[in-house]
Amino acid sequence: MKKPITVRTNVNTSTAKAWEYWNKPEHIIHWAFASDDWEAPEAENDLRIGGAFKTVMSAKDKSNSFDFSGTYSNVKEYELIEYDMSDGRHVKIEFQETPSGTEIIQTFDPENENSEELQRSGWQAIIDNFKKYVESNN
């Protein structure tokens, strides 16, 4: 079993707003992709223990797309989200209030196809997109 990978960012916003933008489909579609040539045209989210989510991630040129989906195993409002992706890998997201806003710490089990560095940079790019989206809407 590979060691989990952690990415993090500090967003200049309240924890309540970070939580809302992370979880509401009308916001997810604006940030849940790793590069400018990708998009998230659809998102569904039932944020509760046992609830499911799905975000469609698609290349803008339509050459590739996939569903990023899973089921929630733990939800503590404004603090913690844990879920298992459809392939069984576990993800934990922590929201921590800081003097400069909200720190988001995301830890995930790596998959076996891509290098750890590629996975880390992809997930970091998505969380960086989240920061940019939230801060541009403050």
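Numbers for the structure displayed
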{"item": "Cα gyration tensor category, rounded, prolate or oblate, for the range 10-84 with a/c compared to 1.5", "result": "oblate"}
{"item": "Euclidean distance between Cα centres, the range 81-138 to the range 1-46, Å", "result": "7"}
{"item": "Sorted peptide list for 6-19, 108-121, criterion being average Cβ within 10 angstrom, highest first", "result": "6-19, 108-121"}
{"item": "All lysines inside 21 Å of K62 as judged from Cα atoms, apart from same-chain residues fewer than 8 positions distant", "result": "K54"}
{"item": "Net charge of neighbours whose Cβ lies under 15 Å from the Cβ of E77, counting Lys and Arg as +1 and Asp and Glu as -1", "result": "-2"}
{"item": "Cα-based reach from K92 at 18 Å (exclusive), listing aspartates and glutamates while leaving out same-chain residues under 8 positions away", "result": "E20, D46, E77, E79, E82, D84, E103, D109, E111, E116, D128"}
{"item": "Total formal charge among the other residues, if their Cβ is under 13 angstrom from that of K54, Lys/Arg +1 and Asp/Glu -1", "result": "-4"}
{"item": "The chain, helix-only ellipticity at 222 nm - DSSP H runs n ≥ 4, -39,500 (n - 2.57), divided by all residues, nearest 500", "result": "-7500 deg cm²/dmol"}
{"item": "Nitroxide proxy distance, nm - points 7 Å out along Cα→Cβ at S69 and S115", "result": "3.2"}
{"item": "Stretch gain in nm, segment R8-E135, where the contour uses 0.36 nm per residue and the Cα spacing is subtracted", "result": "44.2 nm"}
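Every read-out reported here was derived from the displayed coordinates using simple, explicitly stated rules and does not represent laboratory data. Quantities reported herein were computed from a predicted structural model and do not represent experimental measurements. So basically every Cβ, Gly included, is an ideal-geometry build from the backbone, and we count neighbours across all protein chains shown.
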